[in-house]
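Computed from the coordinates by the stated procedures, all read-outs in this text should not be read as laboratory data. Nothing here was measured: the structure is a model prediction, and the numbers come from that model. Every residue, glycine as well, gets a Cβ built from its backbone with ideal geometry; the counts of neighbours run over all protein chains shown.
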Ligand code: SF4
């Protein structure tokens, strides 16, 4: 398959220079290289700039409702485990209103991939503070500084039980594509926190700001290093940060069905 096989006719409505373009290109290349049939590819979006990606890549996609992309994606995967199911939504959607569902996916270890377009603002509604913005920061469109502490998506994913955790950068297309491929091939719940500059509303976390801080690790970290490196203030760690093997939700449900069918055979009528 080629990247162009996933192109749609929809007009892309993101601001020029938005990090979402890098995520779209990397995702098209990743699914093309993995030869995923568009009929068997399901991208589930929430609400927000990021979630418009469902119109820009060919697949059996769903534009869901705010914060509810993960449970919809989990239901799709359970109904048909042969599908490749990916959630694409912003930090505001997944870690704000959708945070409970984000935690539940880690606990369940369903084979669903969550790609967070992490720009620390609610771009579609004009630049309010998103869940990954530091307390005390005031961005271009905010009247006052942010009054809430930030959520660290990596640590939240870790304590929730995700079996694949990575962080990537929207303008590093080659590295982002490889991390997306790793996440898709992993069997179980996977999260990729994709740092995505919002050129219109986030005038602090710009391309220069990120590129002065980011660095890659070559291989997944142990639990102690994951916590330590995620907590660094002036450096931002990228790469596949954590991997483990656990039984998936689909396997648990299938085994339970087999056991119920087996027991039913011996039922006295
Ligand atoms: Fe991208 Fe920000 Fe524009 Fe939304 S508002 S399209 S996130 S640059």
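This table checks each residue for (1) closer than 19 Å to residue 118 by Cβ; (2) surrounded by 13 or more Cβ atoms within 10 Å (Cβ to Cβ).
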{"site": "192", "(1), (2)": "yes, yes"}
{"site": "205", "(1), (2)": "yes, yes"}
{"site": "218", "(1), (2)": "no, no"}
{"site": "235", "(1), (2)": "yes, no"}
{"site": "258", "(1), (2)": "no, no"}
{"site": "266", "(1), (2)": "no, no"}
query: Can you tell me which residues in region 128-150 are closer than 20 Å to residue 228 by Cα, more than 14 Å from the ligand (Cβ to nearest atom) and surrounded by 17 or more Cβ atoms within 10 Å (Cβ to Cβ)?
result: 150
message: If I filter region 187-208 for residues that are outside any strand (DSSP E or B), away from the ligand (no atom under 16 Å from the Cβ) and in contact with a helix residue (DSSP H, G or I) (Cβ under 8 Å, 6 or more places away or on another chain), do I get at least one hit?
response: yes
task: Check region 226-243 and report whether any residue there is within 16 Å of the ligand (Cβ to nearest atom) and closer than 21 Å to residue 137 by Cβ.
output: no
